[in-house]
């Protein structure tokens, strides 16, 4: 009988050890982010500032524009969008950090050490996911101080947190894929305008019912709209498992694609390195 | 004994600072062609703002005090002024490159006037913002913007755009003289971003419901925006124009003083 081992390096490392390594790398990722306020602070403050300005300048729109039926305030409407925006920032940071690890040589040292290859990626994405959870909690608390109540209560808040965690894996995965392919933090950062555009052409800031023409057509077919609308349902209307889980399922599908892409990029880089 | 000094073989070079300022302005413009990424904030961002703001916030025209049914008429001048602000930001950033590359040291060591160091970036800022105006206006007209007072309106828009570019250039130079490295970039952007959005950029004062209303009321950009939008919301009138001009002159004076004092700090 022959046993086919895909990666002999992985086979030498037990799953328990690989888990511990991933946990250590995730901790490093979170600590690295927390140590650099200039990295995570804009990701929190920028979406809050946009929400505060929009609420003040466009708050009246909820009484006149279509699609705002039952919305208590524009700030409540914007809560899922702010979380998404913040996680987009954070996820890209995870990708940039991977690229920086490559640029500074830390990645090569990891490869030279007896660390599971998979845990390099898992650790980074787990760190991004944990950061996403923290971001969601911060937004729920801060917006709560300004009067936003999540209509779905604690289960709704949990759905928001889980959504943020999975979305962080999506963005972190795609960013890591780019980082592993290019090895350039600048290339990862250059993706930011694209994420910003896809967020804008969605229901993040205004409902799609208030749009017209091609813009509305694109916004209605943007996965960000599907995800945000499901989460918004929990904030505005109340607990709806079907809506919430649909949003998370879409995020999970994207996360699987992102992780698959990142894993392939990692294998390619490993092949090139060996 | 008297030393015989021969006649100079050539006429002394002109000491006028204007050709130097013109060359510096031209150099800054050529820099855009050499760094294509610089075109992104100058043109791509305002174009994106026109499309995204008009697309996402189209229903704002249903607000009670909104002065037009055509959302492009509201957002096209705003996007052009944003582009003008980024034009000023761009000249600041090319100055950072010159400082980091050592070119600025050579300029400071030269025995000529310091005026070109300020006038050059202004020339570049005006050229950049005019380019932005043409491109974004063409896009806006293609999408459906309908000027209501064409010639005076476009003139008011251009004057407003030039004014914003001059103000933003003063802000950018003042900052990069104090923080002469790439780290000044985010601060520059945040300053421009704050000024733009805490005004009547998105909605008229009467439709704002919260704290931004108080800031927008005293933000110099509010009368400049009103001046810029005249040709899209009705007829150009002196009553709407002069507050914009006063805001441009006042803000320019304050921020250019910031720039001049910044240069004094830069010189050891």
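Every number in this text was worked out from the coordinates using simple rules, so none of it is lab data. Because the structure is a prediction, the values reported are computed rather than measured. Backbone-built Cβ (ideal geometry, glycine too); neighbour counts: all protein chains shown.
A few points about this structure:
- Nitroxide proxy distance, nm - points 7 Å out along Cα→Cβ at residue A:31 and residue B:143: 4.8 nm
- Between helix B:184-197 and chain B: long-axis angle, C-alpha atoms, 0 to 90°, nearest 10: 30 degrees
- Rough spin-label spacing in nm, given labels placed 7 Å along Cα→Cβ, for residue A:249 and residue B:189: 3.7 nm
- Whole-number percent relative contact order across segment A:136-242, with pairs defined as alpha carbons under 8 Å at least 6 apart: 38 percent
- Percentage of interatomic Cα-Cα distances in segment A:123-196 larger than 18 Å: 50 percent
- Helix A:74-104 vs. chain A, principal-axis angle (Cα, 0 to 90°, nearest 10): 20 degrees
- C-alpha center-to-center spacing [segment B:141-220, segment B:223-268] in angstrom: 10 Å
- Computed FRET value (nearest 0.05) for residue B:151 with residue B:97, which takes r as the C-beta separation and R₀ as 45 Å: 0.70
- Computed helical MRE - 222 nm, chain B, DSSP H runs ≥ 4 contributing -39500 (n - 2.57), nearest 500: -24000 deg cm²/dmol
- Between A:41, A:254, A:75, the residue with the greatest mean-square fluctuation in the GNM of chain A (Cα pairs under 10 Å linked by springs) is A:41.
- Two-site FRET efficiency, residue A:17 against residue A:267, from Cβ-Cβ distance with R₀ of 22 Å, rounded to 0.05: 0.60
- Averaged over the residues of A:58-69, the number of partner chain Cβ atoms lying within 10 Å of the residue Cβ comes to 5.
- Shape call, the protein assembly as shown: gyration tensor on alpha carbons, a/c limit 1.5: oblate
- Gap separating the Cα centres of segment A:167-189 and segment A:68-103, nearest whole Å: 15 Å
- Acute angle (nearest 10 degrees) that the helix A:37-58 long axis makes with the longest principal axis of chain A, alpha-carbon atoms: 20 degrees
- Average beta carbon contacts from partner chains per residue of A:194-201, 10 Å cutoff: 2
- Each label point was placed 7 Å from the Cα along the Cα-to-Cβ direction; for residue B:246 and residue A:63 their separation is 3.2 nm.
- Calculated mean residue ellipticity, 222 nm, chain A: -26500 deg cm²/dmol, from DSSP H runs (n ≥ 4) at -39500 (n - 2.57) each, averaged per residue and rounded to 500.
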